[in-house]
Amino acid sequence: MLGFLPPVLRGLIASVLFVVNTVFWCTPLFAFALVKLVLPFAAVRRAVDPLLNTIAAGWQSCNSAWMALVQPTRWDVQGAQDLRYGGWYLVICNHQSWADILVLQHVLNRRIPMLKFFLKKELIRVPLLGLAWWALDFPFMARHSAKAVAANPRLREQDRETTRRACEKFALVPTSVMSFAEGTRFTPAKHEAQQSPYRHLLRPKAGALALSLDAMGERFHSLVDVTIVYPGGAPDMWAFMCGRAPEVVVRVHPRTIPAELMDGDYGEDPAHRARFAAWLDGVWAEKDAEIDGLLAPQAPAPSVQARQRA
């Protein structure tokens, strides 16, 4: 509707609407979260968590509204209509930009239960949103280099314990556990440094997914595999707010989680780790091929004369 405005003005309007929307919904969110903090009992959590998730869904719906108002973006979404609300889901997606989070929330809001992301612990310092993520029980993970873990194996246990505690909370109320399996946003430099075997993706990391399955695998109804493509190039957050993403393509694929991955110890069983890594590599190879197809130039429709000759 406001797509005729200059991009910078659209970005300023979107930023103001985003902040106002966040302040508005955070007020009741923090009030109910305080009740949960003061009364840390499972019965209270079962009563309060659905209210918190409803508030967060309202925030996401309002974000979708200002996106529709300000951005001239064309959305090409397939597969989301097949999802069913209710139950527990494990969600994975490729990662290119912070805008991916708004895209995922826009596409999946109210189609499956509230998305809960694994976040870097530093993000708790983000004004308002950091506290909101804490109130909604988003797990904050410490990032350790392979060298640091090798020097101090206990660091690996910290993330396992964080995941286990988060999953204990998730088990009380239907939840969608979300993981960007690559662990970081795609950039050409990271792609080259990793020597990734995929054209459009970084190497996936199985840790957070496997730990979630180890902790509550029997509750997950299915895996929701999401692929996001920006045909005009992945925008940073400001470019997205300005509406400089002319098209967003999203493909959603519900997948059955293999039974052999639901029962194992990723941390202690090398054979289980190998099975899990092989399965995730296969999913990633399919995703890479799908992105290839989505980015391929579309062949022009045949002319009337050509159709008649055929």
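Among what's in the range 1-26 and is surrounded by fewer than 16 Cβ atoms within 10 Å (Cβ to Cβ), in contact with a Leu (Cβ under 8 Å, 6 or more places away or on another chain) and over 25 Å from residue 133 (Cβ atoms), pick the residue that is modelled with the lowest pLDDT.
The qualifying residue modelled with the lowest pLDDT is 1.
Could you list, ordered by first residue, the pairs with Cβ atoms under 8 Å in which the first is in the range 65-82 and closer than 17 Å to residue 9 by Cβ and the second is acidic (Asp, Glu) and not in a helix (DSSP H, G or I), at least 6 apart or interchain?
As it stands, the answer is 73/247, since those pairs meet every condition given.
Being crowded, with 17+ Cβ neighbours inside 10 Å and either touching a helix residue (DSSP H, G or I) at 6+ places or on another chain (Cβ under 6 Å) or at positive phi (or both): is that true of residue 66 here?
yes
Scanning the range 27-58 for residues that are touching a residue at least 40 places away in the same chain (Cβ under 8 Å) and exposed (fewer than 13 other Cβ atoms within 10 Å of the Cβ), which turns out nearest to the chain's Cα centre (by Cα)?
46
Regarding residue 83, is this residue exposed (fewer than 15 other Cβ atoms within 10 Å of the Cβ) and not aromatic (Phe, Trp, Tyr)? Break it down stepwise before answering.
Working: exposed (fewer than 15 other Cβ atoms within 10 Å of the Cβ): no; not aromatic (Phe, Trp, Tyr): yes.
So residue 83 fails the test.
Among the residues of the range 118-127, write down those that are surrounded by fewer than 22 Cβ atoms within 10 Å (Cβ to Cβ), touching a strand residue (DSSP E or B) at 6+ places or on another chain (Cβ under 6 Å) and either part of a helix (DSSP H, G or I) or in contact (Cβ under 8 Å) with a residue 40 or more places away in the chain (or both).
The answer is 121, 124.
Within the range 240-252, can you find the residues that are under 23 Å from residue 225 (Cα atoms) and at pLDDT below 95?
245
Name the helices (runs of 4 or more DSSP H) wholly inside the range 184-251 in which the number of residues that are free of Cβ contacts under 8 Å to residues at least 40 places away in the same chain and surrounded by fewer than 22 Cβ atoms within 10 Å (Cβ to Cβ) is 3 or more. Walk me through how you get there before you give the answer.
On the way: elements: 188-194, 207-216, 237-241.
Qualifying helices (runs of 4 or more DSSP H): 188-194.
Could you please give the count of residues in the range 171-183 that are of a type in the set (A, V, I, L, M) and buried (at least 22 other Cβ atoms within 10 Å of the Cβ)? Quick ask: steps written out before the conclusion?
Filtering the range 171-183 down to residues of a type in the set (A, V, I, L, M) leaves 171-173, 177-178, 181.
Checking the rest, the ones that are also buried (at least 22 other Cβ atoms within 10 Å of the Cβ) come to 177-178, 181.
Within the range 171-183, residues that are of a type in the set (A, V, I, L, M) and buried (at least 22 other Cβ atoms within 10 Å of the Cβ) number 3.
The values are calculated or read from the model by the stated rules, or taken from the named source; none is laboratory data. Here the structure is a predicted model, which is why all the values come from computation and not from measurement. FYI the Cβ positions are ideal-geometry reconstructions off the backbone, even for glycines, and counts take in every protein chain you see.
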